[in-house]
Amino acid sequence: MKRQIEARVVNPLLEKYGIPAYKTEGSAGMDLVACIDTPVVIAGGKNKLIATGLAVNIQDPGLMAVVASRSGLCLNKQVRVGQGMGIIDADYHGEIGVILHNDGLADYIVQPGERIAQLLFMPVVQVALKLVAEFSTITDRGEGGFGHTGSH
């Protein structure tokens, strides 16, 4: 059974382009579209905020939405979600915007209704940080990071 999340269309163009939905039974994300009425140019190396026409009411603080890049757009056009991934908190009710970044040299033109990102819903675990002088356990790894185990 799928969990119900309230969604609101904040731009009527979204109904023309299609309300986000899972494309297959095994899909983890729903495609977000560029809810714009004219093409938008993203110059090489630059960001643009693109409206999606959608707002959600997650309600549950144990749940969040993630805006992630579409793999084909990134591989084929060098366009990705600019900050790596976007976080939609349970208490945010505004329109979801996607910061798109063009890693390429040439301009990229976002077309109205184009699928630009994916929306995934994920659990959240909130913690309380307990400040200590030393950790209570020791691991084999310790503070090693950033490739400390080698590349092969």
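The values are calculated or read from the model by the stated rules, or taken from the named source; none is laboratory data. What you see is a predicted model; the values in this text were computed from it and never measured. Heavy atoms of the whole protein, side chains included, go into the accessibility calculation; ligands, DNA and RNA do not. Shrake-Rupley method; radii C 1.70, N 1.55, O 1.52, S 1.80 Å.
Among all the aspartates and glutamates, which ones have a C-alpha under 19 Å from LYS77's C-alpha, if same-chain residues fewer than 8 places away are not counted?
Of all the aspartates and glutamates, those that pass the test against LYS77 - Cα under 19 Å, at least 8 places apart if same chain - are ASP31, ASP103, ASP107, GLU114.
With no solvent and one point on each alpha carbon, what is the Debye value of log10 I(q)/I(0) for the stretch 1-101 at q = 0.10 Å⁻¹?
Each listed q maps to, in turn, -0.29.
Please calculate how many Å² of accessible area the chain carries per residue, with a 1.4 Å probe and no DNA, RNA or ligand atoms counted.
69 Å²
Can you give me the C-alpha center-to-center distance between the stretch 5-68 and the stretch 88-152, rounded to a whole angstrom?
A separation of 18 Å, based on Cα centres.
Straight-line reach from LYS23: which lysines have Cα under 19 Å away, leaving out those fewer than 8 places along the same chain?
Within reach: LYS2.
For the chain, with all protein chains present and a 1.4 Å probe, just round the carbon and sulfur fraction of the accessible area to a whole percent.
Summing carbon and sulfur atoms, their accessible area is 55 percent of the total for the chain.
Once you have the alpha carbon radius of gyration of the stretch 52-152, what is it after dividing by 2.2 N^0.38 Å, with N set to its residue count?
Dividing the Cα radius of gyration by 2.2 N^0.38 Å gives 1.50.
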